[in-house]
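Down below is the structure, laid out as structure tokens.
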Amino acid sequence: MLRVAVVGSGPSGVYAAQTLVQQREVPGVRVDVLDRLPAPYGLVRYGVAPDHEKIKSLQGSLRTVLEDERIRFLGNVEVGGAELSTERLLELYHAVVYCVGAARDRLLGIPGEELAGVHSATAFVSWYSGHPDAVDEVFDLPGVDSAVVVGAGNVAVDVTRILARGTAELAPTDMPQPALGALAASGVRRVAMVARRGPSQGKFTTKELRELGTLPGVGARADRAELALDPMYTDPGAAAALPAVARRNLEVLRGWAEAEPGGEPRSIALRFYLRPVEILGGPDGRVTGMRFERTAPDGLGGVTGTGVHEDIEAQLVLRSVGYKGVPLAGLPFDPAKGTVPHAAGRVVRAGRASVGEYVAGWIKRGPTGVIGTNRPCAKETVSSLLQDAAVLARRELPGDPLDALRAAGLHPVEWPGWQAIETAESDLGRSLGRRSVKIPDWAGLLGAAGLT
Ligand SMILES: Cc1cc2nc3c(=O)[nH]c(=O)nc-3n(C[C@H](O)[C@H](O)[C@H](O)COP(=O)(O)OP(=O)(O)OC[C@H]3O[C@@H](n4cnc5c(N)ncnc54)[C@H](O)[C@@H]3O)c2cc1C
């Protein structure tokens, strides 16, 4: 029997586990999927926006995998911490696949980022998604009239939409009650989503962009003159060479720029060619706005500064300018890329592939792609692992790793514990007159799992 630990129960971990048990080359593989959180599914539970129910429902197919009898979910087990080192884990299993994601945000690197009211989109997403590490985050939403979101990807679109959405539309989601209450009391009327580059260079997808224009009570706007700075906007011949998604995005933005403004109470403005220079604050240390430098296309696909500045008022700034992995104690790490160095999924230590240690998902390839991209990524990694299986399986293991984890002082949440959390979340929702509602704190989750 080959015993494998998969660290991380997000999409890449689940797909790695699935590939391991479904393949036929090496019979008798058993997989433990470990996660530091008591709940599985990684960013599908704690990142994908709560109002995107169709994508959220992917949790159903991840669940089916984790319910396979050859797979065991062990939540509340942090690898690389005091109780469980990477070395010890490798003693307990023939092979370890690290699928720990890359959900640390990047800074803008400009003055003013320390001001009250300036947050990462990651913190905001974690908070409204009920991530237990974010339960103490405070967003002073009643005091916010105008918000700035810096970034041009789908996460920027997500946080922009959640800020602008009415609570009636969010109530049917599983958003934790405190976050829903705070958004209900929000004063946000205007959200500016600001990009350094031009509209044809946005990283958002058309479906997500278009959705911003369909929110009840919200006017989506773009400025015709600003869009026209992009040669791809004004020259249909040049635009024909763009990827289809960029062409469609331009058409959505054109529609917004050409529409007569309606009388909606809230607005979303998509702004382009503005480079963040400084976050402005008042004497109370709170953000009051953001200063940008107008940029212009440099003819090489990049932008260049023009020396012209523009200030945008804001009492809340969310930065969404990319994600990065964090080093895990005991694993090599490439700080420039924010990933673990690897060769076809095998962890590379001191220039050599380490047989028995593997990576998949965002920590392997960086924070790119959609959920489905993690499937072929995990398959490549598992294929490397299976090539090493004959060598790996020769080693005798000390016994059931679960006993060793408990002996080390860990209290794993097994599948019935997770099911008890799900039941407690349904009960909580029912008591609030809502559907299932997330428990947003560690004590609540562990208590529901029967661990306190
Ligand atoms: C805000 C946001 C919204 C997104 N929305 C969408 C969307 O709508 N559609 C889409 O297709 N894609 C979306 N994505 C992308 C998608 O979520 C990722 O492609 C995917 O989650 C990456 O999978 P992963 O398994 O590599 O990492 P993750 O999903 O991050 O999973 C990593 C897991 O590892 C665990 N872990 C971390 N460190 C340790 C440790 N030391 N010990 C034990 N466990 C550990 C974490 O708790 C987590 O459960 C979104 C991403 C973000 C950030």
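Here is the tail figure for region 12-93: Cα pairs spaced more than 21 Å apart come to 37 percent of all pairs. Give me log10 I(q)/I(0) at q = 0.29, 0.30 Å⁻¹ for region 396-452, Debye formula, one equal scatterer per alpha-carbon, no solvent. Debye output, listed in q order: -1.11, -1.15. Amide H contacts under 5 Å for residue 6: 32, 33, 34, 97, restricted to partners 5 or more places along the chain or on a different chain, H placed in the peptide plane at 1.01 Å from N.
For region 165-261, the Stokes-Einstein estimate of translational diffusion at 37 °C and a viscosity of 0.692 mPa s comes to 216 µm²/s, using the Kirkwood hydrodynamic radius over alpha-carbon pairs. One quarter of the convex hull surface built on the alpha carbon atoms of region 222-354 amounts to 14.0 nm², the projected area averaged over directions.
The residue among 201, 84, 143 whose Cα reaches farthest toward the positive pole of the charge dipole of the chain, with charges on the beta-carbon of Lys, Arg, Asp and Glu, is 201. Applying the Karplus relation 6.51 cos²θ - 1.76 cosθ + 1.60 with θ = phi - 60° to region 82-94 yields 3J(HN,Hα) values of 5, 7, 9, 8, 5, 5, 4, 4, 6, 6, 7, 10, 5 Hz, where x marks Gly and Pro. Over the Cα atoms of region 330-369, the radius of gyration divided by the Kirkwood radius equals 0.94; this is the Rg/Rh ratio. The charge dipole of region 28-72, taken about its Cα centre with unit charges on the Cβ of Lys, Arg, Asp and Glu (plus for the first two, minus for the last two), comes to roughly 80 debye. Amide H contacts for residue 267 (H built 1.01 Å from N in the peptide plane; partners 5 or more residues away or on another chain; cut-off under 5 Å): 190, 191, 219. Run down the lysines and flag those whose C-alpha is under 20 Å from the C-alpha of residue 364, throwing out any fewer than 8 positions away in its chain. Reachable lysines: 324, 337, 379.
Here the calculated FRET efficiency for residue 240 and residue 57, from their Cβ-Cβ distance with R0 = 45 Å, stands at 0.80, rounded to the nearest 0.05.
Here residue 438 is the anchor, and the lysines within straight C-alpha reach of less than 19 Å, apart from those fewer than 8 places off in the same chain, are 54, 56.
According to the Cα-based calculation, Rg over Rh for the chain is 1.00, with Rh computed by the Kirkwood formula.
Quick one: compute a quarter of the convex hull surface over the Cα atoms of region 310-394 and quote it in nm².
8.5
3J(HN,Hα) along region 182-194, derived from phi through the Karplus expression 6.51 cos²θ - 1.76 cosθ + 1.60 where θ = phi - 60°, amounts to 5, 5, 5, 8, 5, x, 4, 10, 10, 10, 10, 9, 10 Hz, with x in place of Gly and Pro. Can you tell me the 0 to 90 degree angle between the C-alpha axis of helix 374-392 and the longest principal axis of the chain, rounded to 10? Result, in degrees: 20. I want the local charge near residue 57. Using Cβ-Cβ distances under 15 Å, sum +1 for each Lys or Arg and -1 for each Asp or Glu among the other residues. Neighbourhood net charge equals +1.
Length, then width, then depth: along the principal axes, the Cα atoms of region 228-279 run 37, 32, 17 Å. R0 = 22 Å: FRET efficiency of residue 396 with residue 87, Cβ-based, nearest 0.05? Efficiency for this residue pair is about 0.80. The dipole here belongs to region 191-336: it is taken about the Cα centre, uses +1 on the Cβ of Lys and Arg and -1 on the Cβ of Asp and Glu, and is about 360 debye. Angle of helix 154-164 to the longest C-alpha principal axis of the chain, folded into 0 to 90 degrees and rounded to 10: 60°.
If only the Cβ of Lys and Arg carry +1 and only the Cβ of Asp and Glu carry -1, the dipole of region 44-185 around its Cα centre is close to 440 debye.
Expressed as a whole number of Å, what is the distance separating the alpha-carbon centroids of region 15-87 and region 225-298? Going from one Cα centre to the other spans 39 Å. Think of the chain as a dipole: +1 on every Lys or Arg Cβ, -1 on every Asp or Glu Cβ, centred on the Cα centre; then among 391, 274, 373, 391 lies furthest on the positive end.
Helix 244-258 axis versus longest C-alpha principal axis of the chain: approximately 30°, rounded to the nearest ten. Rounded to two decimals, the Cα-based Rg/Rh of region 87-167, with Kirkwood Rh, is 1.11.
Full extension from residue 434 to residue 383: what is 0.36 nm times the residue separation minus their Cα-Cα distance, to one decimal in nm?
14.0 nm
At an R0 of 51 angstrom, the distance between the Cβ atoms of residue 309 and residue 329 translates into a FRET efficiency of 0.70.
Any read-out appearing in this document is the output of simple, stated calculations on the displayed coordinates, not a laboratory observation. Since we're looking at a predicted model, the values are computed, not measured. All Cβ positions, even for glycine, are placed from backbone atoms using ideal geometry, and neighbour counts span all protein chains on display.
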